[in-house]
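Take a look at the structure set out below.
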Amino acid sequence: MTSMGKTRRMVSVGLCAAAVAAALTAPAQAAQPSGSASAAGAVGKGPSWSLKDTGTDVRFRGLAAVSRKTAWVAGSKGTVLRTAHGGRSWRNVSPPGAGELEFRDIEAFDGRRAVVLAIGEGEASRVFRTEDGGSSWTESFRNTDTKAFYDCITFFDSRHGLAMSDPVDGKYRILSTGDGGASWKVLPTAGMPAALPGEAAFAAGGQCLVSSGSKDVWLATGGGATARVLHSADRGRNWTVAESTIPAGDPARGVFALAFRDRTHGIAVGGDYRADQASPRAGAVSRDGGRSWQQSNTPPSAYRSGIAWLPHSRSAALAVGPTGTDLTVDGGRSWRTVDTGSYDTVDCTPDLGCWASGEKGRVARLEF
C-alpha cells in the first residue's frame, strides 16, 4: 500500500472511531429486545448488533474476531465455524471426530490459522490447530492428568501463547507454546501463588485468561472466599495476585472475564451465573495493571461473561451476558444496558469489527 493509501486508511478509521464515540455517548433511549438481523435491540441510532444466521443451534462460547469480514466461533458438539463474508455465510470447519468435545475458547491469527481449546476433566481437555482455514486440524495437546481441567487460552503473538487449568495440587497449571500452538509444555509452578480453597476459573466465554502486549497476562478466578485476578509480566512464569471487588464465596460467583486495552488499564466483569440469583457489584476497574481493583460506580445490570474494549477508544467497552449487553464510555466506572439479546462473549478488531456469540447458534456483528 502506498503512503497516501495508508494515510487515507488511517483517516478513514479515525473518522469512523470518532463517529462511534459520538453515537455511544448520545443520550440513551429505551433498550429493545434483540431478535432480528435488522433490529438488534440497540439504543437510538448508534451501533447495533446484527444477528447472522449460522444455521445451527449450538452454543458458541468461543469467539475469535479477525476483522469485520472474518471471524471464527467455537462451541458445543465439537463445532467450529468460520466466516470470510461478514457473517453472510459460514463454513463448518469442525475438527473430524470432535463431536463429543466442548469447545470454549478459540484464538485466530487470520482467516487460515487458528487454535481451539476443548475443556473438561482429563482427556476431554485438548488443543487443536489449523493452518488451512479449518480444512484440516492437528491435535497438539491432550491432557492426561485427571486432576487438570483447562479453561482458557490466550496468545501474545502468532507464536507465543498460554493455556490454563484449574488448580492442580493447590496451584493453577499453565501450558506454554512458542510455535503457534504446535507443541505445548507445562510451566514450573514455583512462581504461582497458592489457590484458595474452592477457587477455580470459569470457562464461560474464553476470557478468564487474557494478554496484552508481548509478556503481560492476567488470570480471573472465582469460587473461593474472594474473586481474584492473577498477573504475570513474564509470560506465565511468575505471578502476583490481587483481590477484586466482585463477590465470590460460592462456586457460581466470581470474575468471569477480563479485558486490558494496554498493560495498565483493565476491566473485570462477572457475578453469579445462576439465572435466579442477583449479581451486584458485577464490574471492577484497574488502572495499575491489575495490582488493585476498584468497584464500578454503576456496575453492569446483571451477570456478564464477556467483555471487549471498543477499537480506537480509551474509554468505551462492551460487556455481554445471557440477559443483554452493557456499555461503558468512562473506562468501566459506569455501565448502561444497550441490548437485551443473549450473548456469552464478545471480541473486537482494529477495523471496527466487533462480534458477539452465544446460545442457540447466536452470532452477531456490530453495525454502524
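Some points to look at:
- Of the candidates THR144, THR79, THR130, the single residue that is within 30 Å of PRO167 (Cα to Cα), without any contact (Cβ under 8 Å) to a residue 24 or more places away in the chain and either β-branched (Val, Ile, Thr) or surrounded by 15 or more Cβ atoms within 10 Å (Cβ to Cβ) (or both) is THR144.
- For region 104-127, filtering for residues that are out of contact with any Phe, Trp or Tyr (no Cβ under 8 Å at 6 or more places or on another chain), free of Cβ contacts under 8 Å to residues at least 40 places away in the same chain and among the charged types (D, E, K, R) leaves 2.
- Of the residues ARG291, ARG263, the single one that is touching a residue at least 60 places away in the same chain (Cβ under 8 Å), assigned to a loop (DSSP other than H, G, I, E, B) and out of contact with any His (no Cβ under 6 Å at 6 or more places or on another chain) is ARG291.
- Scanning region 235-251 for residues that are surrounded by fewer than 16 Cβ atoms within 10 Å (Cβ to Cβ) and touching an Asp or Glu at 6+ places or on another chain (Cβ under 9 Å) yields a total of 1.
- Those residues of region 162-191 which are assigned to a loop (DSSP other than H, G, I, E, B), of a type outside the set (Ser, Thr, Tyr) and either closer than 26 Å to PHE128 by Cβ or touching an Asp or Glu at 6+ places or on another chain (Cβ under 6 Å) (or both), in sequence order: GLY178, ASP179, GLY180, GLY181, ALA182, TRP184, LEU187, PRO188
- The residue of region 147-177 that is surrounded by the most Cβ atoms within 10 Å (Cβ to Cβ), among those that are more than 20 Å from SER94 (Cα to Cα) and acidic (Asp, Glu), is ASP166.
Let's see how each residue does on (1) in a loop (DSSP other than H, G, I, E, B); (2) at pLDDT below 50; (3) more than 14 Å from TRP355 (Cβ to Cβ):
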| residue | (1), (2), (3) |
| --- | --- |
| ARG8 | no, yes, yes |
| ALA23 | no, no, yes |
| VAL43 | yes, yes, yes |
| VAL80 | no, no, yes |
| GLY87 | yes, no, no |
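- When each of SER94, SER158, SER135 is tested for being assigned to a loop (DSSP other than H, G, I, E, B) and either within 16 Å of the chain's Cα centre (by Cα) or over 19 Å from THR54 (Cα atoms) (or both), the lone residue that passes is SER158.
The values are calculated or read from the model by the stated rules, or taken from the named source; none is laboratory data. Fair warning: this is a prediction, and the values are worked out from it, not measured in the lab. A quick note on method: Cβ atoms are made from the backbone with ideal geometry, for glycine too, and the neighbour counts reach across all protein chains shown.
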